[in-house]
Amino acid sequence: MHFVHPQFFWVMIVPFVIFVFLVLTNKDSVSRIFSEKVLERLRADSDALPNSLRNMVLFAAVFLMIVALARPVIETGEKTVRLKGISAVVALDISGSMRSKDLYPNRLEFAKKKLSELLDDMPGDAVALTAFAHNSFVLAPFTSDKATLKQIIQGVDESYINMASTDFAAMADLAGRLLRDKKEKILVVFSDGGEPQDLKGLAQTLKKEGIILYAVLIGTQKGAPVLDEQGRPLKKRNGELAITQLNEELGKIARESGGDYIIAGYGKSDMEWLARRIHGKVSGKSQGVVRIKERVELFVYPLAGAVLLLLMGLSSMPRAGEGFGRRRRKERA
């Protein structure tokens, strides 16, 4: 048997020993503070455990809690676990059109929600998170820690939005660099598809890098006005409102690359379908080998013993009401 956290034992045992020593060697400290008459009124005749025995019981309970905190275990050996999953780059569109409100509350927030849903359906996969508009950059390197990725996603707000034109080819080029050493080169893009001219060079970049593209299209065919930083609709040079609509051309490029696309809806079934499509396309590659020590946890035994001793020690303390009643009876006698 050994302790998983022996430092806790040694850090706690020293003050515990000092505390026991002070309690056992300062029995008369109370009498130096209170007068004898006050102590006489506070004393209670009881059939409870003697003070010395009760103190020992409580000391033993605290000691067992310290032992439990140090986590005693018995090691029975090691086992090897192979981690499997795919590696994928997820790109989030932060161009100006993502402020549009044809999806609640706007396209960007809706895309973030769908991205989080997709992560829930890819628990064993390593995901790198990027954002793109006119420029592309990495938000998080490859990780299987979905909780951290979700926190990073929530931190992407409208302050990230770039009103310049969207460069999908540069986004794919960044994904290619991140996926260079990966067996499966999967890119998942959350975007409204941009304008037709924004997609120039994307198909060639995907083919050059050997990337399979999956597109999650955010928006509606009806479209919505493009909004500025103050939430005001933008106008074209001729005075008409600038309307941004869903561009399914990005989905066609995804299918040409060997992937697929889906128009995001309000339910969760679309991201479940997409995750199945991605996993069905590529085989899971081993992400490494982890050796796990097999242990028998023993902390429950000292913890149970500590609780039992605490109950014994505390239940043996005299009750104030009982002592007061006995004193009143003695006075009457």
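The values are calculated or read from the model by the stated rules, or taken from the named source; none is laboratory data. Only a predicted model underlies this, so the values are computations on that prediction, with no experimental measurement involved. Using ideal geometry, Cβ is built from the backbone for each residue, glycine included, and neighbour counts are taken over all protein chains shown.
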Inset, instruction - For the stretch 233-251, state whether one or more residues are at pLDDT 95 or above, over 25 Å from the mean Cα position of the chain (by Cα) and basic (Lys, Arg). - result: no
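Matching residues to (1) over 20 Å from residue 271 (Cβ atoms); (2) at pLDDT below 95; (3) aromatic (Phe, Trp, Tyr):
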{"residue": "107", "(1), (2), (3)": "no, no, no"}
{"residue": "131", "(1), (2), (3)": "no, no, no"}
{"residue": "158", "(1), (2), (3)": "yes, yes, no"}
{"residue": "170", "(1), (2), (3)": "yes, no, no"}
If you go through the stretch 274-281 one residue at a time, do you hit one that is modelled with pLDDT under 90, under 30 Å from residue 61 (Cβ atoms) and touching a strand residue (DSSP E or B) at 6+ places or on another chain (Cβ under 7 Å)?
no
Taking the stretch 227-253 and keeping only residues that are buried (at least 21 other Cβ atoms within 10 Å of the Cβ) and touching a residue at least 60 places away in the same chain (Cβ under 8 Å), one is left with 227, 244, 250
Given the conditions (1) outside any strand (DSSP E or B); (2) surrounded by 12 or more Cβ atoms within 10 Å (Cβ to Cβ); (3) out of contact with any Gly (no Cβ under 6 Å at 6 or more places or on another chain); (4) at pLDDT below 90, every one holds for residue 75 apart from (1)
Filter the stretch 115-125 for residues that are in contact with a strand residue (DSSP E or B) (Cβ under 6 Å, 6 or more places away or on another chain) and crowded, with 20+ Cβ neighbours inside 10 Å; the one that is modelled with the lowest pLDDT is 125
Reported set for the stretch 2-37 where residues are modelled with pLDDT under 55 and of a type in the set (Val, Ile, Thr) is 30, 33
Filtering the stretch 254-282 for residues that are touching a residue at least 40 places away in the same chain (Cβ under 8 Å) and not in a helix (DSSP H, G or I) leaves a count of 10
Checklist entry - Does the stretch 173-181 include one or more residues that are in the same structural domain as residue 102 (by TED's automatic domain parsing), of a type in the set (D, E, K, R) and within 23 Å of residue 262 (Cβ to Cβ)? => result no
